[in-house]
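A short reminder: the numbers here are calculations on the coordinates, not readings from a lab. These numbers come from a predicted model, not from an experiment. So basically every Cβ, Gly included, is an ideal-geometry build from the backbone, and we count neighbours across all protein chains shown.
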Amino acid sequence: MASIATHFSAFLLLFPVGLRRLHSSSSLYLHSPSQFRSKLWYLSDPKWKNLDLYALLITLPIASFSELFLFLSFSGHPSYRFSFFQQSFALLAFWFLILLIIVHEYNATSSLISETLVYVLGGVVFFMEYSVMETGVSGLAADVYGFIGWLALLCAGSCIYLSFKPSAFFAEFLLCCGLVFKGTWLLQGGFLLYTDALGLKGCKKISSLLLMSTQDDVVDVHCELEQDKARGFALVNFLFTLHALVVMVLAVGLVVVLGRNRSLRTGGGDGKGPLLSEIESTNIRMRALPELEIE
């Protein structure tokens with residue numbers, strides 16, 4: 001939350017995880033819709049291919065320690081200082097959730113940790129992220145981080161729903177879209193709040209100097225004029241809507257492409273479904289029969 005680097009790192013983790021999960025879950029659903037069941041993690045064989053899982057296992061505690069270090073060394077506004085501690089705790093909770101997923105997936109015969117429990121804990125952790133996202137920020141910064149909080153709430157609701165109905169593909173679809181959307185919006189938010197070149201017109205970026213010197217007010221971007229701030233709010237809302245459209249088109253397009261590829265495979269590779277292929281082959285056989293003359 002404190003720089004463009006942290007936002008970019010979060011994008012590199014969340015976007016591939018969400019996209020890979022969407023691809024795996026959609027493939028599983030299209031293969032057998034009636035037998036679909038959401039998985040905690042869609043593991044690949046061999047195990048070393050699950051780089052996204054191992055990356056989270058390594059980076060989450062490092063990020064949590066970094067936020068804790070900022071909490072201990074930060075001398076600015078108390079509410080913003082305390083937000084570092086809350087974020088550190090939330091990241092540690094996500095790391096603990098990853099550990100539970102690994103224990104469950106690599107010990108499938110063990111009933112010690114159930115999928116229902118992990119999904120419920122996932123919902124709780126996402127809700128925790130939602131509750132701390134806007135702590136210590138105001139104005140335009142709160143608007144940007146508020147949208148991230150709402151996406152976390154979407155993921156929380158999806159996890160809770162999957163905990164008692166793992167066959168609900170729409171909940172799995174929303175969870176995947178939420179992860180992808182969080183990744184893209186975190187990157188966008190980093191550009192808006194922590195850069196000058198891609199920031200809001202008429203507003204200055206949140207700098208490390210501002211973070212360390214703020215004593216009276218919570219942190220926000222500084223806009224010279226009220227009309228610049230109003231334009232900034234409108235631009236943030238527009239960009240969020242644009243991101244939502246792009247993510248939905250990307251997600252639906254991926255499902256459609258996977259469905260078409262499966263139809264091509266089952267239909268003999270001619271671009272037609274199995275039923276149409278069977279009808280055409282029947283017509284060809286009928287034309288091959290000798291014509292009967294009617295006297």
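Peptide packing for 225-236, 184-195 was compared via the average number of neighbouring C-beta atoms within 10 Å per residue; ordered from the highest value, the list is 184-195, 225-236. Between the beta carbons of Asp45 and Phe164, assuming R0 = 30 Å, the FRET efficiency works out to 0.55 to the nearest 0.05.
For Asn50, the residues whose modelled amide H falls within less than 5 Å of its own, excluding neighbours fewer than 5 places apart on the same chain, are Ser44. For a straight C-alpha distance cut-off of 23 angstrom, the lysines reachable from Lys49 (same-chain residues fewer than eight places away being disregarded) are Lys39. Each residue of the range 119-126 is assigned a 3J(HN,Hα), and the resulting list reads 5, 5, 5, x, x, 5, 5, 5 Hz, derived from the Karplus form 6.51 cos²θ - 1.76 cosθ + 1.60 (θ = phi - 60°), x at Gly and Pro. For the range 160-177, the Karplus equation 6.51 cos²θ - 1.76 cosθ + 1.60, evaluated at θ = phi - 60°, returns couplings of 4, 5, 5, 5, 10, 9, x, 8, 7, 5, 5, 5, 5, 4, 5, 4, 5, 5 Hz by residue, with Gly and Pro reported as x. Computed extension length for Val124-Leu12: 38.0 nm, one decimal, from 0.36 nm per residue of separation with the Cα-Cα distance subtracted. Shown in residue order for the range 239-250 are the 3J(HN,Hα) couplings computed by the Karplus curve 6.51 cos²θ - 1.76 cosθ + 1.60 at θ = phi - 60°: 5, 5, 4, 5, 4, 4, 5, 5, 5, 5, 5, 4 Hz (x for Gly and Pro). Proximity of backbone amide H atoms, modeled 1.01 Å from N, is registered between Val221 and Leu140, Ala141 at under 5 Å, excluding neighbours fewer than 5 places apart on the same chain.
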